[in-house]
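Enquirer: After the structure tokens below, expect a handful of questions from me.
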Amino acid sequence: MRRSVVSMAAGSRLECVRSVRGVVLDMCGVLYDSGEDGGHAIAGSVAAVQRLTDSGLIVRFCTNETQNTREKFVQKLRRMGFDISVSHVFSPAPALVRILRERQLRPHLLVHDDLMPEFDGLDTSSPNCVVIGDAADKFSYQNLNEAFRVLIGLEQPLLFSLGRGRFYKETDGLKLDVGVFMKALEYACEVQAEVVGKPSAAFFHTVLTDMSLQPHEAVMIGDDLVNDVGGAQSCGMKGIQVRTGKYRPSDEKHASVRADGYMDDLSAAVDAILTSSHR
């Protein structure tokens, strides 16, 4: 198996992570592949996370996971063998709840049933905005049409999307993500969604603030070229794409986003980071 960053000169591939003090990890497609059976860890990823933690680098996890609460999500990953703290995981739902409270908004929720506890305590009567997440089987015509009716009936339609991914990978193949359904509502209601989660700059800056790092001191590792790598790069971070999860060979020829490095998997990426940062 190859263990090198491609499409970069040998010197520059090390330079991109030489001054790194912190690493931000995507989760689905990098640490594990999800599935109806709970999913499974990607080979070498449990040990790779442990090596990063033991190295003294600051490690955080940044996910657009919206099919479960952070607590239950972390419990699942711990059962796979990952040593992860809930406080080190950043996901869109808690960030959006803060926004809704600050702006005194009443949401109509089109989200996964298992995510609903994140919104406990919010007033959802007479909604004045719509929140859409990865609702999976709840993306029925009836439910999408109900969200459409709420939006189209507002004088100033306001749509929040928990991420904007096009698709993700589960153990039985690729699945449509929230961005597809977000675009349908945007088109129908002539509105632009406010995206909470990757690739939002505000989302990445929240993680960096928690790490007490400047953007150039951190690297993002993800399987999604646009939302993980591109989102991080737009904030001044470095971005490495792994060839697991939703990765496609065509990503390396993308018209507008180019990763600072492409690695076969998380274990290879950690090897490169630790070797370079300790030179």
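The values are calculated or read from the model by the stated rules, or taken from the named source; none is laboratory data. Please read these numbers as outputs of a predicted model, since none were measured by experiment. FYI the Cβ positions are ideal-geometry reconstructions off the backbone, even for glycines, and counts take in every protein chain you see. With ligands, DNA and RNA removed, areas are computed over all heavy atoms of the protein, side chains included. Shrake-Rupley method; radii C 1.70, N 1.55, O 1.52, S 1.80 Å.
Enquirer: Give region 225-266 a look and list any residue that's among the small types (Gly, Ala, Ser) and open to solvent by less than 20 Å² (accessible area, probe 1.4 Å), or say none. Spell out how you get there, then give the answer.
Expert: Narrowing region 225-266 to residues among the small types (Gly, Ala, Ser): 230-232, 234, 236, 239, 245, 250, 255-256, 259, 261.
Matches in region 225-266: 230, 231, 232, 239, 245, 259, 261.
Enquirer: For residue 199, work out the one condition from (1) in contact with a Ser or Thr (Cβ under 9 Å, 6 or more places away or on another chain); (2) at pLDDT 95 or above; (3) within 11 Å of residue 235 (Cβ to Cβ) it doesn't fulfil.
Expert: (2)
Enquirer: Give 218, 269 a once-over and let me know the one that is small (Gly, Ala, Ser) and over 20 Å from residue 43 (Cβ atoms). If you could, list the steps in order and put the result at the bottom.
Expert: Details: 269 fails: over 20 Å from residue 43 (Cβ atoms).
After applying the criteria, what remains is 218.
Enquirer: Under 23 Å from residue 127 (Cα atoms), open to solvent by less than 50 Å² (accessible area, probe 1.4 Å) and among the charged types (D, E, K, R) - does that describe any residue in region 177-199?
Expert: There is at least one residue in region 177-199 that is under 23 Å from residue 127 (Cα atoms), open to solvent by less than 50 Å² (accessible area, probe 1.4 Å) and among the charged types (D, E, K, R).
Enquirer: In region 112-125, is there at least one residue being touching a residue at least 24 places away in the same chain (Cβ under 8 Å), among the small types (Gly, Ala, Ser) and more than 17 Å from residue 27 (Cβ to Cβ)?
Expert: Step one: of region 112-125, the residues touching a residue at least 24 places away in the same chain (Cβ under 8 Å) are 112-115, 117-119, 122.
Going one step further and asking which of them are among the small types (Gly, Ala, Ser), we end up with none.
Looking through region 112-125, none of the residues is touching a residue at least 24 places away in the same chain (Cβ under 8 Å), among the small types (Gly, Ala, Ser) and more than 17 Å from residue 27 (Cβ to Cβ).
Enquirer: Identify the residue in region 117-175 that is over 24 Å from residue 34 (Cβ atoms), open to solvent by 40 Å² or more (accessible area, probe 1.4 Å) and of a type in the set (Val, Ile, Thr) and, among all such residues, is nearest to the chain's Cα centre (by Cα).
Expert: Residue satisfying both the conditions and the ranking: 124.
Enquirer: Just checking: which of the strands (runs of 3 or more DSSP E) contained wholly in region 156-214 hold 1 or more residues that are touching a residue at least 60 places away in the same chain (Cβ under 8 Å) and of a type in the set (Phe, Trp, Tyr)?
Expert: Working: elements: 159-161, 167-170, 173-176.
Counting at least 1 such residues, we get 159-161, 167-170.
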